[in-house]
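Okay, so here's the structure we're looking at.
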Amino acid sequence: MLKPLSPISINVILLRICDINSLNYQTYLDKVNFQKTENIMTKPISTILTNTLQLSRVVVAGLLIGATLSACQSTVLTSVEQKSEHNSSKPLPQIVSQNGKHAFMVDGKPFLLLGAQTNNSANYPHALQDVWPVVKDMHANLLAIPVAWEQIEPVEGQFDFSFLDALIKEARENNVRLNLLWFATWKNNAPHYAPNWVKLDNQRFPRVVKKDGDTLNSMSPLGKNTLEADKKAFLRLMAYLRDHDKGHQVIMVQVQNEVGTYGAKRDFSPMAQAVFEQAVPTELTSGLGVKNGTWTEVFAKDADEFFHAWHIGRYVETIASAGKAVKNLPMNVNVALRNPFHPGDGYSMGGPTDNVIDLWKIAAPSIDMISPDIYFRDHKTVSKVLELYSRADNALYVSEIGNDQPYARYFFSTLGEQGIGFAPFGMDYTDYANYPLGAKEVNAATIAPFAENYKLMAPWASEWARLSFESEVWGVSEPVDSFGEKQSLWNAKLTDESVSEQQKQQAKQDKAKALTQHLDLGLWDAEVTYGRKMFWIDPPVGNSPASGGALIAKLSDNEYLITAYRARVEFLPSAELAGKKYIIERVEEGHFEDGKWVFERVWNGDQTDWGLNFTSQQHILKVKMAAYQP
């Protein structure tokens, strides 16, 4: 015998229909997908209908649903229209790797990340009005901006995605893609961006304990409650992106921010010590090709640091792999670097610094990129960092770099290391400057050196990204530093003064040599110099300030694309062409439209007799070289 619909069931159906269509859709998902109680008012309609109604009563419910939808018509239509507008069959962003090279694919095409990262506290709707003008003036196509755990889950189990509603809408309106930075368990060592219910409960969510028993303000990677709570919130974030960002305005997610611990090499709590005394996981020993044993037996003096790095890496992997199962976006971690020449022991232990990149690759295979945050100003140190993080198994993305003028030229060096992106930090007008890491103030003059680089590349960024992946590319920046003020960092020892003085003396003794870079392009070599008169052969004297850079992409054995700022580029025959004469066959200036080369004019005569001279104006050249028998 069929039971009639009870009044409470009818009311629940009506309320749930209106709830789905008139409230924020995430509210519905929160109630449906993560149900913990059996209260009928929080059950999804499907459960109510399936568990309590027979077929005949579903028909009755259908009539009620129809009436309810009519009552909620305007809200429903608006919701449906918005969802239809943003639904997309576009492929997911992804990083593809082949023959040791990498490309970031967006909408199925190579995408060069011309990024800008905000200051830490720009992650609220009201602050965005001070962000978009900078992004626009920079000609950036990517905004990297935090999303804080405390922001989306201020009360345990209660989620708020209103910031993301505003952010994604405005990013779409500004035609800018997003890199979300998940500030959660770690933000520069500390849990400042974790919710109060996490960071104020040290019993449930333990911190790192030093050897002397003191407690640091850094979460232990061995805290299972911390991991589960962080993962749960991250899954909600990824579910939101899956259901609300079908057009993939968000193309990448950074998991945590500069993970690691200052003040201790690892957690020395009894909980951690018990794990430390166990054998190193065979997954790590076999991956590194080392013997089995305890951490001390295998890694000796590095045991503490490697132990901490492994467990932070596994923590990050658990979160990233779970998030990718919800929406498979590219994910990266950023690094508080140590000085590659003089590392010392005051850096953030446990993060993917250059000495533990291989370990991290084993610990966190779901992380697509380990990305350096660069706040060294000198050319030698930056060049070494770029070399270390550009690997066959790691696409180079400079996730942060200082926003002062000396850093801008390293855009060229990054692309020369087959980098897929670059993002100076602190690019907004929220009235904060992180000097001495970056500029003393953020204004139009601060932005200009980065804007000119992006303006140069934006029209053909996809074409450059394709050539970088499919062919060969080179990029160099002016190598002699011109900043005079001595800088020091709170988190990393700088290259020592003796080396810096030696570089200065060398520059004085043989400045022309110091300002000359040689590139092996295959059949041809290139010589790049800085600070020269456009006419004649006067030696290079450098730019003031140092700001030059050059990019070259190979089109064929004899043909190249070239662009530069404040530099001279000359082509010379390689040893393979010994005994032959050579000439410049043709130099075309042009630009790209929809991936196609558009011819503008031919350079010849004075414009080629003294090398190819680039000023502060934008020029893209297609150069064809030729050799012949005398």
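Quick notes on this structure:
- Residues of type aspartates and glutamates that Lys224 reaches as a straight line, Cα spacing below 15 Å, ignoring anything fewer than 8 places off in the same chain: Asp201, Asp267, Glu317
- Where labels lie 7 Å past Cα in the beta-carbon direction, separation of Tyr435 and Asn604 in nm: 5.2
- Förster radius 35 Å - calculated FRET efficiency between Lys224 and Lys136 (Cβ-Cβ, nearest 0.05): 0.20
- Cβ-derived FRET efficiency at R0 30 Å, Asp165 paired with Met271, nearest 0.05: 0.15
- Subset of Lys232/Lys384; Lys187/Lys210; Lys109/Lys169 violating a 28 Å alpha-carbon distance limit: Lys232/Lys384
- Gain in span if fully extended, Ser556 to Asn99, counting 0.36 nm per residue against the direct Cα distance: 162.7 nm
- Computed with a 1.4 Å probe over protein heavy atoms only, the accessible surface of segment 500-630 comes to 53 Å² per residue.
- Highest-first arrangement of 526-537, 557-568, where packing means the average Cβ count within 10 Å: 557-568, 526-537
- Counted charge near Arg532, where neighbours are those whose Cβ lies closer than 10 Å (Asp, Glu -1; Lys, Arg +1): +2
- Pair Ala512, Gln278: separation of 7 Å Cα→Cβ label points (nm): 6.6
- Taking each residue as 0.36 nm, the span from His591 to Asp345 lengthens on full extension beyond its C-alpha to C-alpha distance by 83.7 nm.
The values are calculated or read from the model by the stated rules, or taken from the named source; none is laboratory data. What you see is a predicted model, and the numbers here were worked out from it, not measured in a lab. Here Cβ is always computed from backbone atoms with ideal geometry, including for glycine, and neighbour counts include all displayed protein chains. Just the protein is used for accessible areas: all its heavy atoms, side chains included, with ligands, DNA and RNA removed. Shrake-Rupley method; radii C 1.70, N 1.55, O 1.52, S 1.80 Å.
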